[in-house]
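The values are calculated or read from the model by the stated rules, or taken from the named source; none is laboratory data. Since the structure is predicted, the reported quantities are computational estimates derived from the model, not experimental observations. Cβ: placed from backbone, ideal geometry, glycine included. Neighbour counts: every protein chain shown.
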């Protein structure tokens, strides 16, 4: 007996691609089923509807991305090195899996309020900033504002890339983004 894993993966990958290319609102269950090469009923055996699919995809991938960032930052002792490793990973994922990165970027406004637990990339960055402040490696200040400023330096170029306003891959920009974040943390 098959467990449906291959079908579920096909549904999820197709859905993410369509959400990124067409938009969440514009993508229908029929579009997803058709793109995955399955009947609509098969999709409903895995998900009750589009909202459940979006939430499940976002929550799992958002938490997994947070886990990867947390593991990377834990390998370093200095705040700047932690940030550099996390920014390099963001750029790498954007270049190597643009559908996943764009999905997380574009769907966050729809799904963030429903994320359970504290496993989030933003929380990982915030914890690095708080730790850096406590150790005196960066200026003390409001951790929430500082996190927002750092996230803006990272996310805005990715948003520009998503909408075709910034050419080329993200990875070569990692050093410049790290320098800009470090500048924000020293100001």
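State whether one or more residues within segment 114-126 are more than 17 Å from residue 178 (Cα to Cα), touching a residue at least 24 places away in the same chain (Cβ under 8 Å), part of a helix (DSSP H, G or I) and outside the structural domain of residue 22 (by TED's automatic domain parsing). Looking through segment 114-126, at least one residue is more than 17 Å from residue 178 (Cα to Cα), touching a residue at least 24 places away in the same chain (Cβ under 8 Å), part of a helix (DSSP H, G or I) and outside the structural domain of residue 22 (by TED's automatic domain parsing). Checking each residue in segment 127-141 for being in a helix (DSSP H, G or I) and surrounded by fewer than 18 Cβ atoms within 10 Å (Cβ to Cβ) picks out 127, 130, 131, 134. The combined condition, being more than 15 Å from the chain's Cα centre (by Cα) and either at pLDDT below 95 or under 30 Å from residue 139 (Cα atoms) (or both), is fulfilled by residue 24. Only one entry in 33, 63, 84 is outside the structural domain of residue 127 (by TED's automatic domain parsing) and either assigned to a helix (DSSP H, G or I) or surrounded by fewer than 18 Cβ atoms within 10 Å (Cβ to Cβ) (or both), namely 33. Residue count for segment 142-164 under the criterion of being outside any helix (DSSP H, G or I) and farther than 21 Å from residue 109 by Cα: the result is 1. For segment 151-187, the set of residues classified as crowded, with 17+ Cβ neighbours inside 10 Å and on the phi > 0 side of the Ramachandran plot is empty.
Could you please let me know if residue 89 is within 13 Å of the chain's Cα centre (by Cα), at pLDDT below 95 and either on the phi < 0 side of the Ramachandran plot or loosely packed, with under 15 Cβ neighbours inside 10 Å (or both)? Spelling it out, it is not the case that residue 89 is within 13 Å of the chain's Cα centre (by Cα), at pLDDT below 95 and either on the phi < 0 side of the Ramachandran plot or loosely packed, with under 15 Cβ neighbours inside 10 Å (or both). In this structure, residue 43 qualifies as outside the structural domain of residue 151 (by TED's automatic domain parsing) and surrounded by 14 or more Cβ atoms within 10 Å (Cβ to Cβ).
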